[in-house]
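What follows is a short report on a single structure.
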Amino acid sequence: MAMSFEWPWQYRFPPFFTLQPNVDTRQKQLAAWCSLVLSFCRLHKQSSMTVMEAQESPLFNNVKLQRSKGHLFLLPDSSLKYLWRKAEGRQQTEGKLPVESIQIVLEELRKKGNLEWLDKSKSSFLIMWRRPEEWGKLIYQWVSRSGQNNSVFTLYELTNGEDTEDEEFHGLDEATLLRALQALQQEHKAEIITVSDGRGVKFF
Amino acid sequence: MHRRGVGAGAIAKKKLAEAKYKERGTVLAEDQLAQMSKQLDMFKTNLEEFASKHKQEIRKNPEFRVQFQDMCATIGVDPLACVSHCARPEMTFRLPALWSRLTLFFSRSYPGKGFWSEMLGVGDFYYELGVQIIEVCLALKHRNGGLITLEELHQQVLKGRGKFAQDVSQDDLIRAIKKLKALGTGFGIIPVGGTYLIQSVPAELNMDHTVVLQLAEKNGYVTVSEIKASLKWETERARQVLEHLLKEGLAWLDLQAPGEAHYWLPALFTDLYSQEITAEEAREALP
């Protein structure tokens with residue numbers, strides 16, 4: 001089954017790949033980049049990335065910038081294919097966000113709470129399309145709704161159990177889940193504990 | 001009896017004659033006014049009849065609207081103005097008193113929003129359209145800096161009106177925008193390459209800026225070289241204009257284009273026509 005990702009209009013707008021000198025325009029540009037990164041990663045269930053990967057990804061790399069609709073297709077073999085309709089006689093240019101600008105976008109995401117560096121050298125990062133606090137809130141709401149306060153869960157049960165199949169946090173990656181639970185722990189709504197074969201959580 | 005010659009008496013008589021002439025002039029004006037009033041009454045009745053007979057047509061049919069507006073313009077009537085006036089300068093010059101009495105006649109008889117617009121119901125249509133235009137421009141300002149092509153505006157307005165609303169033509173849009181402009185809302189109309197750019201944010205755009213916008217219309221972008229070649233300007237003058245467009249948020253800089261920096265205008269980026277206003281942009285548009 002192929003999923004298609006709809007790129008926003010900015011992605012086909014050549015100046016989008018140049019860091020704008022005008023402060024107000026740059027703000028709009030960065031907001032659009034942040035939004036694009038989050039929706040891209042959300043759709044492809046990508047929770048972490050290296051900067052190298054990011055540079056090569058179609059995300060920051062519009063290989064054929066054209067004035068026609070382009071779609072990204074995820075094929076059954078998990079490869080990404082970028083397809084587009086050819087624009088007749090139009091100039092084809094490359095749109096590639098330079099790595100310094102990519103760093104600026106990533107820093108924006110970090111400031112907003114959607115990104116966390118996984119190493120000191122800032123070569124790889126965790127990307128969370130919802131902030132940990134937001135995830136924590138959703139999880140706790142489910143716990144309360146289903147009357148399961150004071151219950152203990154393994155991390156696996158929370159994200160892969162039958163009971164949570166309809167919940168948004170079903171299928172959430174462990175790294176993000178941990179941070180969500182840590183946020184709840186801070187609010188004294190949960191406690192991360194060790195269980196027989198790994199980690200679990202108790203809700204209050 | 002001998003004829004009077006030039007002397008004190010003659011001068012006095014001349015003065016008397018002049019005075020009588022002036023009096024007659026006033027009398028003449030009164031007559032004319034009475035006659036005009038009668039004619040205007042008749043004209044008004046006829047126009048009212050015409051308007052009520054064709055009211056539906058005026059509301060529904062954009063082409064008919066254009067023709068009706070043209071007819072009104074020919075006879076010097078602005079259906080959207082508060083005071084209808086006859087656009088005949090000779091009258092104004094020759095009989096200023098009569099002219100001002102005419103204006104008074106209309107404004108006294110039909111105070112308020114505009115007799116014509118109320119009677120014909122045409123004013124509401126343009127008033128509502130004006131509001132819709134402002135809404136579209138506000139929603140897209142975040143994207144294009146307050147500059148939009150007439151085509152895109154038209155598309156978005158039609159989209160907003162839905163399938164069952166009255167049809168709206170580009171001519172309708174221009175008229176509505178002219179009204180908005182007259183109300184001092186900061187709207188502007190810039191002719192470019194056969195169409196128009198509508199300015200909804202009062203960015204300072206002088207002749208230099210406008211002419212560069214016109215140049216940019218062809219490809220959606222413009223470069224310093226292009227400006228120098230087409231307009232025969234010095235580099236500095238071209239740079240200043242482009243800097244201003246960047247500053248006003250009307251243009252974005254592209255340093256990855258082949259050769260030299262390209263300055264793109266989101267308003268002219270044709271791809272945008274088919275784009276929906278994203279939820280984020282809608283959020284940004286709200287104050």
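When the stretch A:1-19 is limited to residues that are at the interface with chain B (Cβ under 7 Å from one of its Cβ atoms) and in a helix (DSSP H, G or I), the one that is surrounded by the fewest Cβ atoms within 10 Å (Cβ to Cβ) turns out to be A:TRP9.
Residues checked against (1) within 13 Å of chain A (Cβ to nearest Cβ); (2) modelled with pLDDT under 95:
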position	(1), (2)
B:PRO202	no, yes
B:LEU242	yes, no
B:ALA257	yes, yes
B:ALA267	yes, yes
B:ARG283	yes, yes
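Consider the stretch A:47-63 and keep the residues that are buried (at least 19 other Cβ atoms within 10 Å of the Cβ) and in contact (Cβ under 8 Å) with a residue 40 or more places away in the chain. The one that is farthest from the other protein chains (Cβ to nearest Cβ) is A:MET49.
The single condition among (1) charged (D, E, K, R); (2) touching a residue at least 60 places away in the same chain (Cβ under 8 Å); (3) surrounded by 14 or more Cβ atoms within 10 Å (Cβ to Cβ) that A:GLU167 does not meet is (2).
One residue stands out in the stretch A:132-154 among those that are hydrophobic (A, V, I, L, M, F, W, C) and assigned to a helix (DSSP H, G or I): the one that is surrounded by the most Cβ atoms within 10 Å (Cβ to Cβ), namely A:ILE139.
Identification of helices (runs of 4 or more DSSP H) wholly contained in the stretch B:137-253 with 3 or more residues that are of a type in the set (Phe, Trp, Tyr) yields no element.
May I ask you to list the residues in the stretch A:32-46 that are away from chain B (no Cβ under 14 Å) and either β-branched (Val, Ile, Thr) or buried (at least 18 other Cβ atoms within 10 Å of the Cβ) (or both)? Correct list: A:PHE40, A:CYS41. Among residues of the stretch A:20-31 that are within 7 Å of chain B (Cβ to nearest Cβ), those with a Cβ under 7 angstrom from a residue that is of a type in the set (A, V, I, L, M) and part of a helix (DSSP H, G or I), sequence gap 6+ or separate chain, pair up as A:PRO21/B:LEU246; A:ASN22/B:LEU246.
Any idea which of A:GLY147, A:GLY161, A:GLY198 is without any contact (Cβ under 8 Å) to a residue 40 or more places away in the chain, at positive phi and out of contact with any Gly (no Cβ under 9 Å at 6 or more places or on another chain)? Don't jump to the end; show me each part of the working.
Working: A:GLY161 fails: at positive phi; A:GLY198 fails: without any contact (Cβ under 8 Å) to a residue 40 or more places away in the chain.
Only one candidate qualifies: A:GLY147.
Going by what's in this entry, would A:GLN29 be described as surrounded by 15 or more Cβ atoms within 10 Å (Cβ to Cβ) and either β-branched (Val, Ile, Thr) or within 13 Å of A:ILE102 (Cα to Cα) (or both)?
Details: surrounded by 15 or more Cβ atoms within 10 Å (Cβ to Cβ): yes; either β-branched (Val, Ile, Thr) or within 13 Å of A:ILE102 (Cα to Cα) (or both): yes.
For A:GLN29, the condition - surrounded by 15 or more Cβ atoms within 10 Å (Cβ to Cβ) and either β-branched (Val, Ile, Thr) or within 13 Å of A:ILE102 (Cα to Cα) (or both) - is met.
Kindly provide the set of residues from the stretch B:220-250 that are in contact (Cβ under 8 Å) with a residue 40 or more places away in the chain, within 17 Å of A:PHE13 (Cβ to Cβ) and under 31 Å from the mean Cα position of the chain (by Cα), ordered by number. Those that are in contact (Cβ under 8 Å) with a residue 40 or more places away in the chain, within 17 Å of A:PHE13 (Cβ to Cβ) and under 31 Å from the mean Cα position of the chain (by Cα): B:GLY220, B:TYR221, B:VAL222, B:GLY249, B:LEU250.
The values are calculated or read from the model by the stated rules, or taken from the named source; none is laboratory data. Everything numeric in this text was worked out from a predicted model, so none of it was measured. Note: ideal-geometry Cβ built from the backbone for every residue, glycine included; neighbour counts use all protein chains shown.
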